[in-house]
Every structure is written in structure tokens, then in C-alpha cells.
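**Student:** Below is a structure I'd like to ask you about.
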Amino acid sequence: MTGEVAVLGAGMHPWGKWGRSFVEYGTAAAREALSDAGLDWRQVGSIVGADTVRGGYPGYVAGATFAKALGWQGARVASVYAACASGAQAVDTARAQILSGLADVVLVVGADAAPKGFFRPAGGDRHDDPDWLRFRVLGATNPTYFGLYARRRMAVHGDTLEDFAQVKVKNAAMGALNPNARYRKRVTAEEVAASAVVADPLRLLDICATSDGGAALVLSSMEFARRHGAADPVRIRAVSTVTPRYPTTVLDLPDIATDSALAVEPAAETFRASIARAAYEEAGVGPRDLSLAEVYDLSTALELQWYEDLGLCGEGGAAKLLAEGATAPGGRIPVNMSGGLSSFGEAVPAQAIAQVCELTRQLRGTAGARQVAGARVGVTANQGLFGHGSAVIAVR
Amino acid sequence: MSRTRTPVVTGWFAGEGDDFRLLGTRCSVCASVFFPREDAACRNPGCSGGELIEVSLSRRGRVWSYTDSRYRPPSPYVSDRELKWQPYALIAVELAAERLVVLGQTVPGVTVADLAVGMEVEVVPGVLNEDAETTWTTWHWRPTGVTA
Ligand SMILES: [Zn+2]
């Protein structure tokens, strides 16, 4: 246990396809988070931005971009890139600065304006980039991998298309209650089944869309929070950013092959499970302590996978857990009460931050119609391309 | 009008007909196998680092999972936008001797309806795409129960 940091403010720009710059979304989210915290931007000692890509120039200096838009005021700045885990690494960087005494108050911002359709690698003839190679050689899009995982679950655990569809039904019902969600209509299992197949066995409504959006958090030391009059703030107790361990034996984006397990016996737990375990160990809590979870539902089948990797049930038990209503509102462990990415779509640098925004509202008891009664402990989980882990545990 | 046959990536596969094989590398110290080939250094964190020697991978394996691509993938995948999109299937194949899984497209004509997890498949030479001068070659997986 290295200590906790306070979440003083959370803010979002509604997600959708707005056709504007990521700077606008991030700045709006940041202003809302500052206002929520009751702080002036000039009181912020450090800003951490989760990077996006603009004009094919990866590693865009997002921290400084947002700082400029908010008005240069001399704050310390950092920018992090970790694909889908960028937001969690931004939170982790902010936390490290606070716990080490480098900053009292840190603004964390992530935003993106995603292209329509499939994500694709940057241009050029780049034979040294596994992400470029999987597209050039195999035409393997992100849904290709989601399709592989879904089919594998069907073969190994007996999951059905109807199980997958019920994840969408659950998340869409919650998205309908969330003013920041892009998709705000309930969906039926029949509608999922009637949607076009994208990557067998997954349909269009099983797979997350690309989106525009922004999310921001104001984090501070516990001491600053007390001085600021926040006696009992939501606190971040753990941030897991672990890498996989050799050999990885589950074919992961963007790889064309797994590691060989010839020389080293693979760990009993998967990479995703290790992300969760690292968070639990740091926070000193376990799956049974959770009030809710926000997990990365890039596909309906992947949400089921996370139930098992988070230890909400045993291996192969996810479809049963879902069918029992345990992960629905009022259940033992509600999952994706924000509506999930299924309702938001992907705005890559923002999504791990948006997950923490939802935990913050839930733990404060201000989530409105989405509120999980008496929420005390929440976990977020996602995984970034190229081996980036991401999980955050927040408590009240 | 003869095009040059060129592998879409250098050094990942070689041979013709029944002799066609995926190529990887093997660490001389810890015996880890790498595909795609690792020529710089062994990635086993517990290995002191050996010489990386080119090896042919097993010709046959079993389906770990499979899917298809019902929509045209974006570039750098190359496809003729003048033609109606034809979905292709992809298989992740477990190679028992190497204890690894390799993804690949199936031979043309094989669809997801022809596949099942656990089914035996073999690697065969294939064509990825053609342009004016070049036939870009690749590997395909073909169910051993299919003779097409
Ligand atoms: Zn080695």
C-alpha cells in the first residue's frame, strides 16, 4: 500500500460523432472536472494528457495541447501513450506525482476524434510494425480478434450467440440512462441477432463502434482534499499497469502469433487476470468486496471474458453469472452501469478515464437512475494494444 | 505477362507445394521458437540469450479458433475496390510441437461453415494479391479433410 489520492472532480464531453477536434472535447471535459472540484485551473500544479494521433503523427503531445487550450499557466506537464490503457497510465502518472510530493493537484485529460469504421495503422510501408503487418498480410482488423475470442468461448465454454446478445441488451439499457452516452436506445436480443455479421460469430451490435469523446479527472493529495473541504472524497486506491509475462499463450491484438510455450511453462493466469490481480493486491481488496465494475466491452463476448478475469466467477461461468442477473442493476456485482463502450464507442485515450468518472459518480451516490445502491468499492478494467494493462480501484 | 512471385514479407515462409513451410527462429540456449521470426535477441526473460537459428514450423496443426471478415479491411490490406467484397475466413492454428498459435487466412473457398475448433489444418502456399508486376505470396491454412 503506497497511499491513496483523492478524486476531487470528474468531467466528460458527451460521446458521439461531433466532427470537431479532440482538443475541444478534452477541454470541455477538463473544465467540467475543474468546476466539479471547485478549483480554478490556475490552482492545478500539473496536467497529464493521454495521447491521441493527429494527422498520422503518433504520440501527439496531448498534455500541452490541453494546457494551451485552457490557458498556459506554467503547470508541470506530461503526456502518455499506452493505446487503450493511455487513460489509466495518465491516472497512474498523476498519482505518482501526487504521492511523491511533486504536485498537490493534477488534472488528467483524455480525448479523441476517432475515424469512422475500422481502426487502421498509420500509413507507409512499415514492415517492422506488427500492427501494420497484421493488416497488410492478413487483413486482421480488431473485430477479427474479437471474433476469434467469441468463437473460442463458444467452443470451450458453450457460450451462445444469445448469451452475447444479452450483454448488449443489458448495456444498452444502461446507456439509455446516461446523458453522456452516444447510443441512448434500448436494444433487444432480436435486434442484435438481426444485425449484420462483422466477424463471425459477432454481429454489428456485438461490437463497439469508434467515437468522439473526452473525459477528465482532478486528482489531489488527501491532505489537499481535506484543506479544500473534501472530508470524505472518492479515493483511488490502486492503479494496475502491468505488462504480460512470457510466454503469452492467448493470441492478442495486434499479434500474428503467440509466444511459444516450449521453453517456459506459461503462468496459470492470463494477462487480463494478472491486470486485475495486481489491482486487487495493491488495493487490499478482492472480487467479493466490489460494489461494481466497469469493464472493456469491445465486444459482448469480451465482457463475459472479463467477468472471469476479474474473478467475479470461475472460468467458464460468465454466461451463467449474466443469466442470473448478477451483473445487471440490482445484482450482486453490476457491470458497466455507465452503458459501457457498447453505449459510448471507442475514443481511445479517453475511455479508461471515463471508466473512472463513472466509478466516481457511483461512489459519490450521484449516478442518478444508474446508481448502484450503497456503492463502496469499484474496479475498472481494460487492456491496451501492445501489452498495456489497465485497472483502477476506487473506494469511498 | 509474367509477374514476379514475391513473398509479402521476407523470411516468414519458403518452399513450394508439399515442401512449403512457415519459417521461424529457435534460440540455441533455451529452445524457444519465434514466429514471426526473432533475429535480434531471444525474448525469454529468463534466457541468457543464444544464437537464433532459422527453423521450419510444423506443417500441420489444429484450429484454436476461427472467424471471418465480412467487411473490407482498411489499407494497408490490398483489395480491388472495383470488385464486390468477398469475405475470407481466418484461422488461429495451434502447432503442438512448437506450442504456439499462428493466425492465417484460409485457402480461398473455405468458409466458417467448413470449420470447427480442433479440426486439423495444414499450411499451403497462397496468393495474397497481385499488381502489375508482382504476385504477392503468403501462407494459407487448409483443412486436411478438404481436398480442394
Ligand atoms: Zn533463449
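The values are calculated or read from the model by the stated rules, or taken from the named source; none is laboratory data. Worth saying up front: this structure is predicted, and the values here are computed from it rather than measured. A quick note on method: Cβ atoms are made from the backbone with ideal geometry, for glycine too, and the neighbour counts reach across all protein chains shown. Accessible surface areas use protein heavy atoms only, side chains included; no ligands, DNA or RNA. Shrake-Rupley method; radii C 1.70, N 1.55, O 1.52, S 1.80 Å.
**Student:** Quickly work out the B:SER56-to-B:ALA31 label distance, labels modelled 7 Å from Cα along the C-beta direction, and quote it in nm with one decimal.
**Tutor:** 2.1 nm
**Student:** Let me ask you something else. What does the charge add up to near B:LEU100, with Lys and Arg as +1, Asp and Glu as -1, over the other residues with Cβ less than 11 Å from its Cβ?
**Tutor:** -3
**Student:** For segment B:4-143, state the average projected area of the convex hull of the C-alpha atoms over all orientations, rounded to one decimal in nm².
**Tutor:** 9.7 nm²
**Student:** Using a Förster radius of 35 Å, what is the FRET efficiency between A:ARG31 and A:GLU282 based on their Cβ-Cβ separation? Nearest 0.05, please.
**Tutor:** Calculated value: 0.65.
**Student:** Would you jot down the residues in segment A:179-216 that end up with at least 40 Å² less accessible area in the complete protein assembly than in the chain alone, with a 1.4 Å probe?
**Tutor:** By number: A:VAL197, A:VAL198, A:ASP200.
**Student:** For the protein assembly as shown, give the share of DSSP beta bridges that are antiparallel, in percent and rounded to the nearest 5; count only bridges with both residues there.
**Tutor:** 75 percent
**Student:** Moving on to the next point. Heavy atoms only, probe 1.4 angstrom, no DNA, RNA or ligands counted: give me A:TYR81, B:TYR77 ranked by accessible area, highest first.
**Tutor:** Highest to lowest solvent-accessible surface, that is A:TYR81, B:TYR77.
**Student:** Which one, B:TRP12, B:PRO73, B:THR134, is farthest towards the positive end of the dipole of segment B:4-143 when Lys and Arg carry +1 and Asp and Glu -1 on their Cβ?
**Tutor:** Of the candidates, B:PRO73 comes out farthest on the positive side.
**Student:** Now a separate question. Out of all DSSP beta bridges with both ends in segment B:4-143, state the antiparallel percent to the nearest 5.
**Tutor:** Once the DSSP bridges in segment B:4-143 are tallied, antiparallel ones form about 85 percent.
**Student:** Return the carbon/sulfur percentage of the accessible area of segment B:101-148, one whole number, probe 1.4 Å, all protein chains in place.
**Tutor:** 55 percent
**Student:** Specify the angular offset, from 0 to 90 degrees and rounded to the nearest 10, of the alpha carbon long axis of helix A:86-99 from the longest principal axis of the alpha carbons in chain A.
**Tutor:** Computed tilt is about 40 degrees.
**Student:** What quantity of accessible surface, computed with a 1.4 Å probe and excluding non-protein components, is buried in total between chains B and A, in Å² to the nearest 100?
**Tutor:** Adding both sides of the contact gives about 3800 Å².
**Student:** How big is the charge dipole of segment A:1-117 about its Cα centre, in debye rounded to the nearest 20, if each Lys and Arg gets +1 on its Cβ and each Asp and Glu gets -1 on its Cβ?
**Tutor:** Computed charge dipole of segment A:1-117: roughly 400 debye.
**Student:** To the nearest 20 debye, what is the magnitude of the charge dipole of segment B:4-143 about its Cα centre, counting +1 on the Cβ of each Lys and Arg and -1 on the Cβ of each Asp and Glu?
**Tutor:** Roughly 400 debye, rounded to the nearest 20.
**Student:** Right, here's the next one. Rounded to the nearest Å, what's the spacing between the alpha carbon centres of segment B:1-80 and segment A:89-126? Just the number, please.
**Tutor:** Rounded to whole Å, the Cα centres lie 33 Å apart.
**Student:** Apply the Debye scattering formula to the protein assembly as shown, with a single equal point scatterer on each alpha-carbon and no solvent, then give log10 I(q)/I(0) at q = 0.12 Å⁻¹.
**Tutor:** Calculated log10 I(q)/I(0) at the listed q: -1.14.
**Student:** Taking the Cα centre of chain A as origin, sum charge times position over the Cβ atoms of Lys and Arg (+1) and Asp and Glu (-1), and report the length of that vector in debye to the nearest 20.
**Tutor:** 1000 debye
**Student:** Taking the Cα-to-Cβ direction at B:ARG43 and at B:SER79 and moving 7 Å from each Cα, how far apart do the two end points lie in nm?
**Tutor:** With each label placed 7 Å out from Cα toward Cβ, I get 2.8 nm.
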